[in-house]
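**Q** Handing you a structure now.
The values are calculated or read from the model by the stated rules, or taken from the named source; none is laboratory data. All of these numbers come straight from a predicted model, not from anything done at the bench. Every residue, glycine among them, receives a Cβ derived from its backbone with ideal geometry; neighbour counts consider all protein chains shown.
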Amino acid sequence: MTIVTDSKGLTTGMLQMHSSGQQLAAFHARPDSATSVPIVVVMHQTYGMNEYSRDVCRRLGKAGYFAILPDLYGRYGSVEGLTREAIAQGIARKVEDCGVMADIRACVDQAAGMTGDSNRLGVMGFAWGAQFVWLSCAEIEGCRAGVSWYGRLVREASPQRPVPWRDTVAHLHAPVLGLYAGTDPYVTPEIIDEMRQAMTTAPVHTELHCYPEASHGFHADYQPQYRSDDAQDGWNRQMSWFEQNGVR
């Protein structure tokens, strides 16, 4: 049940910009009749920038946002033709936190130079990309809110990811909504409990909502684990979260 959102009333397409001296490609979708719209930066799944993530941007565009989706793998290589496992064990491990933060800032600058309003900035992401929602809400200046779809916050430190996850929690300045699955093999109930305990010390409001029967990727309508009711409920919560926190 793949959802296809048309581009009627939208301006869409690829953008090219520079980020930390590197060329960065990003897909965007925005209302074609608006002059100042809120910006939402979208972080893709392990699979990379695909039709599903582009459709998410079109959905946000239809809702009145300037949605921009950076290719977070762009500076490291191509994932074309690779399996999820090959991507996860290869290029995804090379991606550096600092590079992602630079890419997000470049996207915000690009959007702001078009029709985006950087004073109303939100971030969202799915699975692998959602880990950067948490980091963005601690490090990206002007970010008002983030939504993490089954994104792992608890993660091992590495040269690519040097900031301990509890330090990220301690430095949150924008509220985060986490949407999780009760049968997720990657973000288990034990990990969610650990996250909940850490969130009690966060300096800003966070909210973790769990769908007991869902599994990892329940919003991905092109995959078998898609659950339409949970996906729609999560989307509604996301849009309300953005509105409540000044993104909309």
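**Q** Specify the residue that is surrounded by the fewest Cβ atoms within 10 Å (Cβ to Cβ); the eligible residues are those in the range 217-248 that are assigned to a loop (DSSP other than H, G, I, E, B) and without any contact (Cβ under 8 Å) to a residue 60 or more places away in the chain.
**A** The extreme case among them is Pro224.
**Q** Restricting the search to the range 1-57, which residues are over 28 Å from Tyr186 (Cβ atoms), assigned to a loop (DSSP other than H, G, I, E, B) and in contact with a Pro (Cβ under 9 Å, 6 or more places away or on another chain)?
**A** Once the filter is applied, which keeps residues that are over 28 Å from Tyr186 (Cβ atoms), assigned to a loop (DSSP other than H, G, I, E, B) and in contact with a Pro (Cβ under 9 Å, 6 or more places away or on another chain), the range 1-57 yields only Gly9.
**Q** Taking Gly64 as the residue in question, decide whether it is within 17 Å of the chain's Cα centre (by Cα), assigned to a loop (DSSP other than H, G, I, E, B) and not acidic (Asp, Glu).
**A** no
**Q** Given the criteria more than 11 Å from the chain's Cα centre (by Cα), among the hydrophobic types (A, V, I, L, M, F, W, C) and surrounded by 18 or more Cβ atoms within 10 Å (Cβ to Cβ), does Ala138 qualify?
**A** Criteria met by Ala138.
**Q** Hey, another quick one. Just for the range 170-197: of the residues that are part of a loop (DSSP other than H, G, I, E, B) and among the polar types (S, T, N, Q), which one is modelled with the lowest pLDDT?
**A** Thr188
**Q** Pick from Val79, Val42: which is closer than 23 Å to Tyr150 by Cα, surrounded by fewer than 22 Cβ atoms within 10 Å (Cβ to Cβ) and either in contact with a helix residue (DSSP H, G or I) (Cβ under 7 Å, 6 or more places away or on another chain) or acidic (Asp, Glu) (or both)?
**A** From the options Val79, Val42, the qualifying one is Val79.
**Q** Confirm whether Arg155 is over 23 Å from Ser240 (Cβ atoms), of a type in the set (Lys, Arg) and touching a residue at least 40 places away in the same chain (Cβ under 8 Å).
**A** No, not satisfied.
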